[in-house]
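S.K.: The structure's right below; bear with me while I get my questions together.
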Amino acid sequence: MATSDDTDPTMTKETYSISGMSCTSCAARIEKEIALLEGVQAAAVNFATEELTVTRDQATLSADEIMRRVEELGYGIRRTAPPGELTFGVQGLHCASCVNTLEKKLLENPAISTAIVNLAAETGFVRFDSQALNSADIFSIVQAAGYTPREISRTETDNDDALRSQRTWLIISLVAMLPIMLTMGMHSNRAVMQLNLLLATGLQFSAGLIFYRGAWSAIKNRTANMDVLVALGTSAAYFYSLAAYFGLLGSHSAVFFETSAMLIAFIRLGKYLEARARGKAGEALKSLLHLQADKAILMTEAGEKEVPASLVRVGDIVLVRAGDTIPVDGEVIDGGGAVNESMVTGESLPVLKKSGDSVTGATISTNGVMRIRATRIGEATLLAQIVKMVREAQGDKAPIQRFADAVSAWFVPLVLLLAAATFLVWFNLLSSDFLTAFRFAIAVVVIACPCAMGLATPTAIMVGSGIALKRGILVKKGSALEIISNLQVLLLDKTGTLTRGTPEMTDLLPVSRSIDPEKLLECLVTAEAYSTHPLAQAALAAAREAGIQAGEATDFEERGGYGITCSYGGYHLAVGNERLMLEEGIDLAPLAKKVLELTAVGKSLVYVAVGKGLVGVAAFADTLKPGSAAAVAELRRIGIKTCMITGDHANVAAVVAQQAGVDSFEAEVLPGRKQEIVRDYQARGLITGMVGDGINDAPALAQAEIGIAIGGGTDVAKETGDIVLMRDDLQDVVRSIIIGRATLSKVKQNLFWALFYNVLGIPVAAGLLYKYGITLKPEYAGLAMAFSSVSVVLNSIMLKRVEKQL
């Protein structure tokens, strides 16, 4: 695996797999020898993972030379390909046991490191060695396990086709079942029984064939799933009735074709309703897919030309009129107008766009005419990134799902044992007749439902992430919704999170009257000319307003958390904070009194020194965002402690912290220490979250149990964090926590009802309440089983009520 070094394009970082190491001495030897090669900047060997990581100069040293040297040392080596990732649709998943079976089969291949199957979304996700496998190989494994893989782009169409097919089979099942059901009291009529035999047989091996196929696939894989239970229950009822019909069990044996027919019809009904409900649970993602424009008006030399949006290429110019959907991500080069960006930000008010502004594909122009240059198309567009991340989030497993997986692993075998025990107890111990014991055993087999437990977590996560998406909150991992619900401490980066992030220069103070303020400002902006720091940008803006140009300086050195040094006009310039001045040996006493006054009101300071003398100081103010204090107050109300992190002086931090209302703050924090602060809170046993810039605060966001990137912008794929807030609004953090808590609550409700249903239903089906006159016929046990799954999905959909609280 290779990545380029951002600071030097000739440097590359690569990872190799090493074989033949017997101890850490081998690792040390390889590391030492490779580090001696000319062109190697760094070399590290991890004995535990058997990997060598090398940063090398591509112009000086090749990968082949590194591999040859390792082989000379007596070890095996191969380049590590970047891990491949594949998300695909899966048809044929019927219960949690199917999920476990497919995941197990995928993970049996050593080239697959991660396999996650989502029952609710009917998707699979694998992470694999791309040198050893490709998508066709993975699809072959899925097919061998008895399931049908589908390209994700075809999944929605396939799901619609599958729903139509289920509806057709349901109608067939009901049409065949109704005559049998209506003639249940006419078993003595030979013609009626012949009709029932024909209808039950046709139903058993047409609408019921899907259960046989699923059961056969499970048995081949040495597992048991819902299909095994249904196939056993319906087959037992059907074949007993068939044998009784032909007199093989004696002349007075009962015939009950209605049991198998009604079982199949009722289970088909439940599965159809469940599929419809699951479709509603995932409608947020479907609505995203329908936003993409089909057509685009392309500007060509011959004039305007309407083409499919898929034909637009980067650099093409497209025309967008009022009411049109913008077909691609791009930049306005001419014209302007208002654009509805609610699909991106959740903000309903249109945003005015002018020449030079960026626009996002799938947003809608509400007025005006614009010519747009395409900058990103296809999979690179924001919409495509969001769709990909939402799919991955909905396919991710929350920690609580492990409980359902563990239960479903032994659930079906246990049910089969309980059914056998039910028959033996009734037939042998209670001296019941064979038919009574047989019917109780069938009822136990068909009432047990592993499906509800398999759907409990993923359906709630689908709905929860969909609600968040409508609010401009992009949940990148489904597990984030569970983790954020348990959050105890939230760390907030000051600049750009609590404050506007765009400070203004409010004061410029020369150290004495002999210093020209304009010359002081010139020195300041000359040093800050190439810095991207917000204070540097504010200084440059003030200089432009005053008509002062930055000079030409040399020997630039920018140090994070300190400032900038350079040479200008034959002098050494130092521009930065107090730490830099102390390091440079600059006496700050001449401005000490004024500095205290400025910091007391929360202003940030940048000192300017020439040579070894202080020449002045600039003061900057960054005000709170309008909703920050209210958001912090709401976080405290729901029981979450807040801590502000800033690189500013403690006096500045104290003023902002008081204005925001946070519980505590950490001041003068260097960029690298943010991650340490997160670790400090985690060491106290607290579940810690971090809110900040998804790129600049990446290490701290990655370290936190839950990382929230605020103001995600148009390239969410680059954002680090489990949740990305598309809007620059701290209230969305509160909304994320409310959604997370509501989602986890629904998951717990679903799991409780799924378990409660089985714990209550199985004993009733086994005849435990028989002496009280309460029994459950097998066909109605099947109906109860089917509706248990439906109830779980419907309960998840009720999560949408939380939208009223947001």
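The values are calculated or read from the model by the stated rules, or taken from the named source; none is laboratory data. Predicted, not measured: the structure shown is a model, and the values here were computed from it. Quick reminder, even Gly has a Cβ in these numbers, built from the backbone with ideal geometry, and neighbours come from all protein chains shown. Accessible surface is based on the protein model in full, side chains and every heavy atom, while ligands, DNA and RNA are left aside. Shrake-Rupley method; radii C 1.70, N 1.55, O 1.52, S 1.80 Å.
S.K.: Being surrounded by 15 or more Cβ atoms within 10 Å (Cβ to Cβ) and touching a Lys or Arg at 6+ places or on another chain (Cβ under 8 Å) is the filter here; which residues of the stretch 585-601 pass it?
M.R.: Residues of the stretch 585-601 surrounded by 15 or more Cβ atoms within 10 Å (Cβ to Cβ): 586, 588, 590-591, 594-595, 598-599.
Once the filter is applied, which keeps residues that are surrounded by 15 or more Cβ atoms within 10 Å (Cβ to Cβ) and touching a Lys or Arg at 6+ places or on another chain (Cβ under 8 Å), the stretch 585-601 yields only I586.
S.K.: So how many residues does the stretch 468-515 have that are outside any strand (DSSP E or B), among the charged types (D, E, K, R) and either closer than 30 Å to V747 by Cβ or in contact with a Phe, Trp or Tyr (Cβ under 7 Å, 6 or more places away or on another chain) (or both)? Break it down into steps so the answer makes sense when it comes.
M.R.: Of the residues in the stretch 468-515, the ones outside any strand (DSSP E or B) are 468-472, 476-488, 494-498, 500-503, 511-515.
The next check asks that each one be among the charged types (D, E, K, R); those that pass are 470-471, 476-477, 482, 494, 500, 513.
Next, from what is left, pick out any that are either closer than 30 Å to V747 by Cβ or in contact with a Phe, Trp or Tyr (Cβ under 7 Å, 6 or more places away or on another chain) (or both): 470-471, 476-477, 482.
Selection size over the stretch 468-515: 5.
S.K.: Quick check on the stretch 195-208: of everything there that is free of Cβ contacts under 8 Å to residues at least 60 places away in the same chain and open to solvent by 10 Å² or more (accessible area, probe 1.4 Å), which residue is farthest from W169 (Cα to Cα)?
M.R.: So the residue we want is L195.
S.K.: What's the number of the only condition in (1) open to solvent by less than 50 Å² (accessible area, probe 1.4 Å); (2) over 30 Å from S485 (Cβ atoms); (3) part of a loop (DSSP other than H, G, I, E, B) that I762 fails to meet?
M.R.: Here I762 meets the rest and fails (3).
S.K.: For F211, are the conditions met, namely being open to solvent by 20 Å² or more (accessible area, probe 1.4 Å) and in a helix (DSSP H, G or I)?
M.R.: On the way: open to solvent by 20 Å² or more (accessible area, probe 1.4 Å): no; in a helix (DSSP H, G or I): yes.
It is false that F211 is open to solvent by 20 Å² or more (accessible area, probe 1.4 Å) and in a helix (DSSP H, G or I).
S.K.: Identify the residue in the stretch 350-365 that is surrounded by 15 or more Cβ atoms within 10 Å (Cβ to Cβ) and of a type in the set (A, V, I, L, M) and, among all such residues, is modelled with the highest pLDDT.
M.R.: V359
S.K.: OK, next. Answer yes or no as to whether E558 is among the charged types (D, E, K, R), open to solvent by 80 Å² or more (accessible area, probe 1.4 Å) and outside any helix (DSSP H, G or I).
M.R.: Values: among the charged types (D, E, K, R): yes; open to solvent by 80 Å² or more (accessible area, probe 1.4 Å): yes; outside any helix (DSSP H, G or I): yes.
So E558 passes the test.
Each row is one residue, and each column tells you yes or no for (1) of a type outside the set (A, V, I, L, M, F, W, C); (2) under 25 Å from the mean Cα position of the chain (by Cα); (3) closer than 22 Å to G454 by Cβ; (4) modelled with pLDDT under 85.
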| position | (1), (2), (3), (4) |
| --- | --- |
| K104 | yes, yes, yes, no |
| T155 | yes, yes, yes, yes |
| N159 | yes, yes, yes, yes |
| A162 | no, no, yes, yes |
| L170 | no, no, yes, no |
| V175 | no, no, no, no |
| L199 | no, no, no, no |
| F211 | no, no, yes, no |
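S.K.: What pairs come out if I take residues in the stretch 133-154 that are on the phi < 0 side of the Ramachandran plot and aliphatic (A, V, I, L, M) and pair them with residues that are part of a helix (DSSP H, G or I) and at pLDDT below 90 whose C-beta lies under 8 Å away, six or more apart or interchain?
M.R.: Pairs that qualify, where the first residue is on the phi < 0 side of the Ramachandran plot and aliphatic (A, V, I, L, M) and the partner is part of a helix (DSSP H, G or I) and at pLDDT below 90, are A145/T101; A145/S217; I152/R391.
S.K.: Just one of L416, L487 is on the phi < 0 side of the Ramachandran plot, in contact (Cβ under 8 Å) with a residue 60 or more places away in the chain and buried (at least 20 other Cβ atoms within 10 Å of the Cβ); which is it? Lay out the reasoning, then the answer.
M.R.: Working: L416 fails: buried (at least 20 other Cβ atoms within 10 Å of the Cβ).
The conditions single out L487.
S.K.: Also: Report yes if A629 is of a type in the set (G, A, S) and touching a strand residue (DSSP E or B) at 6+ places or on another chain (Cβ under 9 Å), otherwise no.
M.R.: Spelling it out, it is not the case that A629 is of a type in the set (G, A, S) and touching a strand residue (DSSP E or B) at 6+ places or on another chain (Cβ under 9 Å).
S.K.: Still on this structure, I have one more. Inside the stretch 102-114, can you point out the residues that are in a strand (DSSP E or B) and either open to solvent by 20 Å² or more (accessible area, probe 1.4 Å) or among the charged types (D, E, K, R) (or both)?
M.R.: Initial filter on the stretch 102-114 (in a strand (DSSP E or B)): 112-114.
Hits for the stretch 102-114 are S113, T114.
S.K.: While we're here: C449 is checked against (1) assigned to a loop (DSSP other than H, G, I, E, B); (2) more than 23 Å from L414 (Cα to Cα) and fails just one. What number does that condition carry?
M.R.: (2)
S.K.: Which of the following residues is part of a helix (DSSP H, G or I) and at pLDDT 85 or above: V117, V99? Reasoning before the result, please.
M.R.: Values: V117 fails: part of a helix (DSSP H, G or I).
So the residue among V117, V99 that is part of a helix (DSSP H, G or I) and at pLDDT 85 or above is V99.
S.K.: Additional query: Tell me yes or no: at least one residue of the stretch 65-82 is assigned to a loop (DSSP other than H, G, I, E, B), surrounded by 20 or more Cβ atoms within 10 Å (Cβ to Cβ) and among the hydrophobic types (A, V, I, L, M, F, W, C).
M.R.: No, the stretch 65-82 contains no residue that is assigned to a loop (DSSP other than H, G, I, E, B), surrounded by 20 or more Cβ atoms within 10 Å (Cβ to Cβ) and among the hydrophobic types (A, V, I, L, M, F, W, C).
S.K.: Which residues, counting only those in the stretch 502-516, are surrounded by 15 or more Cβ atoms within 10 Å (Cβ to Cβ) and more than 21 Å from L535 (Cα to Cα)?
M.R.: The one that is surrounded by 15 or more Cβ atoms within 10 Å (Cβ to Cβ) and more than 21 Å from L535 (Cα to Cα): I515.
S.K.: Moving to a separate point now. If you take just the strands (runs of 3 or more DSSP E) that sit entirely in the stretch 619-703, which of them hold at least 1 residues that are surrounded by fewer than 21 Cβ atoms within 10 Å (Cβ to Cβ)?
M.R.: Passing ranges, in order: 641-645, 664-666.
S.K.: Between residues in the stretch 574-595 that are touching a residue at least 12 places away in the same chain (Cβ under 8 Å) and residues that are assigned to a helix (DSSP H, G or I) and of a type in the set (G, A, S), which pairs lie under 7 Å by C-beta distance while being six or more apart or on different chains?
M.R.: V575/A527
Matching residues to (1) over 29 Å from L498 (Cβ atoms); (2) among the β-branched types (V, I, T); (3) open to solvent by less than 10 Å² (accessible area, probe 1.4 Å):
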{"site": "S531", "(1), (2), (3)": "no, no, yes"}
{"site": "Q537", "(1), (2), (3)": "no, no, no"}
{"site": "A541", "(1), (2), (3)": "no, no, no"}
{"site": "V575", "(1), (2), (3)": "no, yes, yes"}
{"site": "E578", "(1), (2), (3)": "no, no, no"}
